[in-house]
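Rule-based calculations on the coordinates, nothing more; no lab input. Predicted model, so just to flag it, every value in this text is computed and none were measured. Cβ sites come from the backbone with ideal geometry, for glycine too, and all protein chains shown count toward neighbours.
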Amino acid sequence: MWVKVCGMTNGVDVAQAVTAGADAVGFVVAPRSQRYVDANSLAGLVAAADGLTTVVVSANQPADVIIELAIHAGADWVQPHGRFQEEVIVGAMAAGLGVLAPVSVGETVGASGHIPEGICLLLDTKVPGLDGGTGTTFDWSLANDMDRRFVLAGGLGPDNVAEAVTVAQPWGVDAVTMLEAAPGIKDHTKVTDFIRKAKGS
């Protein structure tokens, strides 16, 4: 099970996620987010990840801005939310970056036909006005008909990730809100428990 801990803002939390066995860490570069990481901090946080997959998370930001940020920081993947998603995906693929493509889930799984085959999807709860980090779950059984690799997100934490994995059968899981002591600050016990339970150990 591939496990991503997102919304990282400081090196201490990144180092703890490395030690706890995470496979990836995510950094939010959307200025309106409570978990915003600026360009000057991003490269240092990527370096602190010590070989984990590093993901730059954007929201409604132009492709050239996000691709430049990711490349300059040495990040591996991008996760583009919002209206520039298609452009960011194309630019990232051209630049040799990996892509984790968010798809909103409400009563049904949102459209993903515009996302190229081979791109891993991120299924996250649809909440009006928010681009991820909602802390809200959706009906995991909606993921049962997925015909490609996907990462499950949306309100996951130590208390429910094992059940979510059993029901949805994802390739990976992603958590932000339910692992925090405060926005952008991780609770290390919760991070460790989440990773352990996601991996079934």
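Points worth noting:
- The stretch 2-198: translational diffusion in µm²/s, Stokes-Einstein, Kirkwood Rh over Cα pairs, 37 °C, 0.692 mPa s: 201 µm²/s
- Kirkwood analysis of the Cα pair distances in the stretch 109-164 returns a hydrodynamic radius of 12.3 Å.
- Helical mean residue ellipticity (222 nm; -39500 (n - 2.57) per DSSP H run of 4+; nearest 500) of the chain: -9000 deg cm²/dmol
- Size of electric dipole in the stretch 2-198: Cβ of Lys, Arg +1 and of Asp, Glu -1, about Cα centre, debye, nearest 20: 220 debye
- Under 14 Å, Cβ to Cβ, from Gly113 - net charge with Lys/Arg +1 and Asp/Glu -1: -2
- Label-point separation, Ala111 to Asp64 (7 Å along Cα→Cβ), nm: 2.7 nm
- Radius 15 Å from Cβ of Phe194, net charge of other residues (Lys, Arg +1; Asp, Glu -1): -2
- Between the stretch 83-122 and the stretch 1-52, the Cα center-to-center distance that results, in Å: 21 Å
- 3J(HN,Hα) along the stretch 159-175: 7, 10, 5, 5, 5, 4, 5, 4, 6, 8, 6, x, 6, x, 10, 9, 9 Hz, from the Karplus curve 6.51 cos²θ - 1.76 cosθ + 1.60 with θ = phi - 60°, whole Hz, x for Gly and Pro.
- Ranking of Lys4, Lys197 by count of other Cβ atoms within 10 Å, fewest first: Lys197, Lys4
- Reciprocal of mean inverse Cα separation for the stretch 48-132 (Kirkwood radius, Å): 13.1 Å
- Taking the three principal axes of the alpha carbon atoms in the stretch 1-81, the coordinate ranges are 34, 24, 22 Å, sorted in descending order.
- Computing FRET efficiency as 1/(1 + (r/R0)^6) for His72 and Ser141, where r is the C-beta to C-beta distance and R0 is 30 Å, gives about 0.15.
- For the stretch 2-198, averaging the sequence separation of C-alpha pairs within contact (under 8 Å, six or more residues apart) and dividing by the residue count gives a relative contact order of 19 percent.
- Net charge of Cβ neighbours under 14 Å - reference Glu87; Lys, Arg +1; Asp, Glu -1: -2
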